[in-house]
Structures are given as structure tokens and as C-alpha cells.
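A.B. asks: One structure follows; several queries about it will come next.
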Amino acid sequence: MDSSEIIVTVAGLVLAAFVIWYFFFSTRQTASAVSSSGGVQEVDITVKGGYSPDVIEVERGKPVQLHFYRDEENSCSEELLMPDFSIRRDLPAFQTTLVELLPQEAGRFDFTCGMGMLRGTLVVK
């Protein structure tokens, strides 16, 4: 193995390690829902290459309104899936889409785009 092969191999390993760290171990932006005067928990989520915030904390047994603003035209983000709540919504570009749910059980519930590339988590406490 000559030096150029070693350099390419090391660069490939570094790149693979970065990708693994980014998708599985990097710090996620977390937001707690804000309760309105009516007791509804509300969170604004921007959809642009991912969900921001991508971890949302809410309280069990209180109604939740998630306001998804899709700030792009990327086809990957045009659909939202929340399978644990039987929710599927189209997210029109440059518009806010309201998703309402009532979490009855505590736990972590994933949500994704239609392709499963964009991921977020709803944490019910």
C-alpha cells in the first residue's frame, strides 16, 4: 500500500466517522411546548433540510398543536408521517400546516418525512 492509498483510506474512514456522528450522536435542538391560555401546547417547527427543532417535549394528556412551516421546495420534505398517532400530512412549500394531537401515553415518538430521511422526535412526559 503506497502513501496515496493510505491517505485515501484514512480520509474515507474520517468521512464515514463524521457521517455516523452527525446522524446518530450529534446534539439535537430540543424545544418544549408553550402552553396557551386554553391549555393547548404549541410548538413552531421549521422544515428546511430537517426539522428545527427536531426534538419536541410535551406533556401527556394535554392537546398539542404543531405548526410545521416548510421553508423549502425539496420534495423529500413534502410529507409528514407520525405513525404512532396515525397522522399523515402534506406540507405545502412556504406555508404553515397545523398538526393537532392528544398524547395519551408517555414516551418517545418519532416523526419523519415521507422518505424517512428527515427525522424528529416527540417526547411525551
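Residue by residue, here is whether (1) aliphatic (A, V, I, L, M); (2) touching a Gly at 6+ places or on another chain (Cβ under 9 Å); (3) modelled with pLDDT under 95; (4) farther than 21 Å from residue 125 by Cβ holds:
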site	(1), (2), (3), (4)
31	yes, no, yes, no
36	no, no, yes, no
41	no, no, yes, no
70	no, no, no, yes
74	no, yes, yes, yes
77	no, yes, yes, yes
88	no, yes, no, yes
93	yes, no, no, yes
114	no, no, yes, yes
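A.B. asks: Next question. Six or more apart or on different chains, Cβ atoms under 9 Å: show the pairs whose first residue is in the stretch 1-24 and free of Cβ contacts under 8 Å to residues at least 60 places away in the same chain and whose second is open to solvent by 100 Å² or more (accessible area, probe 1.4 Å) and not in a helix (DSSP H, G or I).
C.D. replies: 9/1; 23/119
A.B. asks: Still on this structure: Residue 61: small (Gly, Ala, Ser) and farther than 18 Å from residue 116 by Cβ, yes or no?
C.D. replies: It is true that residue 61 is small (Gly, Ala, Ser) and farther than 18 Å from residue 116 by Cβ.
A.B. asks: Taking into account only those residues within the stretch 94-113 that are farther than 18 Å from residue 41 by Cα and polar (S, T, N, Q), which is surrounded by the most Cβ atoms within 10 Å (Cβ to Cβ)?
C.D. replies: 112
A.B. asks: I'd like to verify a number: residues in the stretch 1-25 that are of a type outside the set (A, V, I, L, M) and surrounded by 10 or more Cβ atoms within 10 Å (Cβ to Cβ), how many?
C.D. replies: Going through the stretch 1-25 one residue at a time, the tally reaches 4.
A.B. asks: Continuing with this model, one more query. Can you find even one residue in the stretch 26-48 that is surrounded by 15 or more Cβ atoms within 10 Å (Cβ to Cβ), assigned to a strand (DSSP E or B), without any contact (Cβ under 8 Å) to a residue 24 or more places away in the chain and not acidic (Asp, Glu)?
C.D. replies: No, because not a single residue in the stretch 26-48 is surrounded by 15 or more Cβ atoms within 10 Å (Cβ to Cβ), assigned to a strand (DSSP E or B), without any contact (Cβ under 8 Å) to a residue 24 or more places away in the chain and not acidic (Asp, Glu).
A.B. asks: Return only the number of the condition from (1) of a type outside the set (A, V, I, L, M); (2) surrounded by fewer than 13 Cβ atoms within 10 Å (Cβ to Cβ); (3) within 19 Å of residue 39 (Cβ to Cβ) that residue 67 does not satisfy.
C.D. replies: All conditions pass for residue 67, except number (2).
A.B. asks: Out of 108, 89, I need the residue that is free of Cβ contacts under 8 Å to residues at least 40 places away in the same chain, among the basic types (Lys, Arg) and closer than 24 Å to residue 24 by Cα. Which one?
C.D. replies: Sole residue among the options that is free of Cβ contacts under 8 Å to residues at least 40 places away in the same chain, among the basic types (Lys, Arg) and closer than 24 Å to residue 24 by Cα: 108.
A.B. asks: Looking at the stretch 70-87 only, could you name the residues that are within 14 Å of the chain's Cα centre (by Cα) and either closer than 18 Å to residue 101 by Cβ or buried (at least 17 other Cβ atoms within 10 Å of the Cβ) (or both)?
C.D. replies: Listed by number, the residues that qualify are 70, 77, 78, 79, 80, 81, 82, 83.
The values are calculated or read from the model by the stated rules, or taken from the named source; none is laboratory data. The model shown is predicted, which means the values in this text are computed figures rather than measured ones. We place every Cβ from the backbone using ideal geometry, glycine too, and count neighbours over all the protein chains shown. In case anyone asks, the SASA skips ligands and DNA or RNA and just uses the protein heavy atoms, side chains included. Shrake-Rupley method; radii C 1.70, N 1.55, O 1.52, S 1.80 Å.
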